[in-house]
Amino acid sequence: MTDRPEPSALAYVPFVSVDNMMRLVNATGVEDFLRGLAGYIEADFLRWPEFDKTPRVASHSKDGVIELMPTADAENYGFKYVNGHPANMRQGYQTVTAFGVLSSVANGYPILLSEMTVLTALRTAATSALVAKYLAPKDAQVMAMIGNGAQCEFQAMAFRALCGINRLRLYDIDPAATEKAMRNLTAQGFEVVACDSGMQAVEGAQIITTCTADKQYATVLTDNMVGAGVHINAIGGDCPGKTELHRDILTRAEIFVEYPPQTRVEGEIQQLDPDHAVTELWQVMRGEVAGRSTPSQITLFDSVGFAIEDFSALRFVADRVAGTGFSQPLDLLADPDDPRDLFGMLGRAV
């Protein structure tokens with residue numbers, strides 16, 4: 001009789017599937033989840049110097065990009081695998097999919113494996129709204145959203161949860177996308193106006209969010225669409241050659257970024273000289289430099305997404321699922337009784 005080895009307790013890693021992520025978010029409440037997630041992101045921005053930082057590792061092709069986004073502090077290492085393929089939707093695939101791992105620095109063992117397609121949408125929205133708390137006009141009541149795809153509703157929910165924004169003006173080149181967003185957001189209690197153009201959408205808005213996917217439309221927001229005192233949340237530009245804002249807007253705005261070495265390659269500021277002045281958000285959150293300084297100032301969050309935000313999201317989820325039924329043990333790691341006898345464990349499995 002073969003003494004087939006059973007996996008040890010150390011072989012199992014908590015795994016959060018898409019189903020469990022959705023159950024967790026719905027059980028928590030979307031807006032409460034976003035507020036909690038934003039709190040973890042802010043806490044990690046406040047200790048920004050403690051992290052290992054590097055621009056994400058990107059593999060570009062004619063069809064899109066596949067990226068690895070790693071970072072670490074003294075206790076944990078985290079990374080996210082994520083793709084961006086703008087043409088996917090026409091073939092029945094998602095534009096963006098992702099998963100992530102959080103591991104212990106002390107022994108290298110993963111402590112969480114999680115889906116991050118849903119989680120990335122949530123952390124992107126949470127980061128946008130968190131930044132707006134520092135940069136948007138204090139009396140902001142209306143947000144224009146240009147690009148009404150998969151990220152649209154998450155942005156709206158986060159801006160309401162963190163900034164109190166409940167009035168939205170929507171525009172997308174695809175009317176079906178706007179109809180979808182109208183349907184979802186009206187059901188969530190938002191006041192929503194569907195617009196026929198980007199110009200119409202920005203009328204009366206104090207915050208402008210641009211979230212488009214296709215490199216073909218490199219100027220979503222033109223200079224004449226942006227008045228004094230507006231905060232721009234530009235989240236669609238995230239790789240070389242993909243921008244949303246006309247260059248003239250950038251020269252009028254005070255620009256805030258996550259990690260300059262990555263943003264200068266992927267963000268709106270790829271259009272500017274490499275030494276163009278930008279402000280790092282962690283310094284604003286720590287009170288080391290000013291955020292919005294005058295009511296008439298145009299502030300721009302040139303968002304490309306950075307690994308520390310994903311690290312924060314993984315930390316948040318790991319804490320939320322501990323001791324609950326929102327994860328399942330995954331037999332992921334080979335862990336023989338004798339660490340030197342991996343081959344013996346293989347042989348006994350016959």
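Every number here is computed from the coordinates shown, using simple stated rules; none is lab data. The structure presented is a predicted model; accordingly, all values stated were derived computationally and were not measured. Neighbour counts are summed over all protein chains in view; Cβ atoms, including those assigned to glycine, are modelled from backbone coordinates with ideal geometry.
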Reference-scaled alpha-carbon Rg (2.2 N^0.38 Å with N residues) for the stretch 204-350: 1.54
With unit charges on the beta carbons (Lys and Arg positive, Asp and Glu negative) and the dipole taken about the Cα centre of the chain, which residue among 18, 259, 323 sits farthest to the positive side? 18
Percent of Cα-Cα pairs per 5 Å bin, from 0 to the last occupied bin, for the stretch 131-306, please list those. 2, 9, 19, 22, 22, 15, 8, 3, 0, 0
Counting other Cβ atoms within 10 Å, keep those with at most 16, restrict to DSSP loop, and tell me which GluC sites (Glu not before Pro) in the stretch 253-350 are left. 288
Convert each backbone phi in the stretch 190-206 into a coupling constant with the Karplus relation 6.51 cos²θ - 1.76 cosθ + 1.60 (shift: θ = phi - 60°), then list the ³J(HN,Hα) values in order as whole Hz, x for Gly and Pro. 7, 8, 10, 10, 8, 10, 8, 7, x, 4, 5, 5, 7, 4, x, 8, 8
Compute and list, largest first, the equivalent-ellipsoid semi-axes of the chain from the alpha carbon gyration tensor, each √(5λ) rounded to a whole angstrom. 39, 22, 19
Mean separation of Cα contacts under 8 Å, 6 or more apart, over the residue count of the chain: relative contact order %: 23 percent
Would you please give the residues with an amide H less than 5 Å from that of residue 232, counting only those at least 5 places away or on a separate chain, with H modeled from the backbone geometry? 208, 299, 300, 301
Which value, in debye to the nearest 20, gives the size of the charge dipole of the chain about its Cα centre, when Lys and Arg are +1 and Asp and Glu are -1 at the Cβ? 520 debye
State, to one decimal in nm, how far the label point of residue 90 lies from the label point of residue 26, with both points 7 Å from Cα in the Cβ direction. 3.4 nm
In the structure shown, do any of 80/138; 62/133; 180/242 have a Cα-Cα gap over 29 Å, and if so which? 80/138; 62/133
Under the rule of -39500 (n - 2.57) per DSSP H run of 4 or more residues, summed and divided by the residues of the chain, what mean residue ellipticity at 222 nm is obtained, to the nearest 500 deg cm²/dmol? -10000 deg cm²/dmol
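How many times 2.2 N^0.38 Å is the alpha carbon radius of gyration of the stretch 1-146?
1.27
Full extension from residue 50 to residue 196: what is 0.36 nm times the residue separation minus their Cα-Cα distance, to one decimal in nm?
47.9 nm
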Hey, can you grab everything whose amide H is under 5 Å from the amide H of residue 76? Only 5+ residues off in sequence or another chain; H modelled, so Pro and N-termini drop out. 105
